[in-house]
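Q: If you scroll down you'll find the structure; I have some questions about it.
The values are calculated or read from the model by the stated rules, or taken from the named source; none is laboratory data. Just so you know, these numbers come straight off a predicted model, no measurement behind them. Cβ sites come from the backbone with ideal geometry, for glycine too, and all protein chains shown count toward neighbours.
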Amino acid sequence: MKSYEEKLEYNRQYKKNHKESIKEQKKKYYLETKEKRKEYYSEHRDFYLKYFKNWRQNHLNSSTEYNKKDSLKQKPRKESILTLEERKKIIDEKLKISQIITLFKSLEKLIKPYQIRDRNYQMKIKAYNLINKGTPLICENCGQDNLDFLTIDHSLNNGKEHRKKFGSGQGIYRAINNGRISEEELKTLRIYCYNCNMSRQRTKI
């Protein structure tokens with residue numbers, strides 16, 4: 001007959017050598033009994049809740065003692081060198097920095113669309129000046145002088161070709177400013193307001 005210590009050693013060695021097989025057996029057992037355990041718990045749920053509640057009430061002292069022993073086992077925390085006032089100062093500084101960062105981010109969101117609009121506005125003025133060559137920036141048909149209402153009109157009705165070549169929207173303005181449109185083509189361009197441009201497209205005058 002094996003002694004108790006010999007049995008313990010045998011079990012330890014067996015667990016070391018058969019870790020994977022033991023895990024697989026536990027998984028199989030867990031999956032096979034999962035539904036049964038759920039059904040059993042749902043049927044006896046009230047009993048378990050009452051049992052644990054009564055146990056906590058009757059074993060308050062033992063649970064507190066166990067927690068004390070557990071806390072004694074843990075490693076003691078290192079005492080901080082900083083005082084409470086120094087800690088408060090550091091926390092206040094971190095809060096100020098985080099507030100400043102959030103403020104800058106919110107300002108960026110507000111300013112960015114205006115910066116883009118201003119950039120596009122300046123690009124359009126430069127293109128209009130290259131087309132007009134120093135003459136006042138007004139609609140050649142009706143005399144509208146508000147820059148927000150002005151646009152480029154193609155006298156040869158070749159706007160579709162320019163849009164394919166340079167892109168729609170800001171593409172034509174960039175091409176004019178970068179010199180990708182020749183002087184002969186610039187002569188065919190003129191400044192119209194949106195109303196005159198749309199009416200010319202419909203009437204084809």
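Q: Between Asn178, Asn157, which is at positive phi, exposed (fewer than 13 other Cβ atoms within 10 Å of the Cβ) and of a type outside the set (Gly, Ala, Ser)?
A: Going through Asn178, Asn157 in turn, just one is at positive phi, exposed (fewer than 13 other Cβ atoms within 10 Å of the Cβ) and of a type outside the set (Gly, Ala, Ser): Asn157.
Q: How about the stretch 155-187: which of its residues are of a type in the set (A, V, I, L, M) and within 15 Å of Tyr128 (Cβ to Cβ)?
A: Ile172, Ala175, Ile176, Ile181, Leu186
Q: Further question on the same structure: Can you find a residue in the stretch 151-160 that is assigned to a helix (DSSP H, G or I) and at pLDDT 80 or above?
A: For the stretch 151-160, residues assigned to a helix (DSSP H, G or I) and at pLDDT 80 or above: present.
Q: With the checklist (1) surrounded by 10 or more Cβ atoms within 10 Å (Cβ to Cβ); (2) modelled with pLDDT under 85; (3) out of contact with any helix residue (DSSP H, G or I) (no Cβ under 9 Å at 6 or more places or on another chain) in hand, flag the one item Asn54 doesn't pass.
A: Only one criterion in (1) surrounded by 10 or more Cβ atoms within 10 Å (Cβ to Cβ); (2) modelled with pLDDT under 85; (3) out of contact with any helix residue (DSSP H, G or I) (no Cβ under 9 Å at 6 or more places or on another chain) is unmet by Asn54, namely (2).
Q: Moving on to the next point. Gly169 is checked against (1) at pLDDT 80 or above; (2) within 39 Å of the chain's Cα centre (by Cα); (3) assigned to a loop (DSSP other than H, G, I, E, B) and fails just one. What number does that condition carry?
A: Evaluating Gly169 over (1) at pLDDT 80 or above; (2) within 39 Å of the chain's Cα centre (by Cα); (3) assigned to a loop (DSSP other than H, G, I, E, B) leaves (1) as the failure.
Q: Quick test of your reading of the structure: Gln144 fulfils all but one of (1) in a helix (DSSP H, G or I); (2) modelled with pLDDT of 80 or more. Name the failing condition by number.
A: Exception for Gln144: condition (1).
So that you can scan it fast, the table gives a plain yes or no per residue for (1) of a type outside the set (Phe, Trp, Tyr); (2) modelled with pLDDT of 70 or more; (3) out of contact with any His (no Cβ under 7 Å at 6 or more places or on another chain):
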site	(1), (2), (3)
Thr33	yes, yes, yes
Tyr40	no, yes, yes
Ser106	yes, yes, yes
Ile111	yes, no, yes
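Q: If a residue must be part of a helix (DSSP H, G or I), more than 43 Å from the chain's Cα centre (by Cα) and not β-branched (Val, Ile, Thr), how many such residues does the stretch 5-31 contain?
A: The qualifying residues number 17.
Q: Can you tell me which of Gly179, Gly134 is farther than 21 Å from Arg200 by Cα, at pLDDT 80 or above and assigned to a loop (DSSP other than H, G, I, E, B)?
A: Gly179
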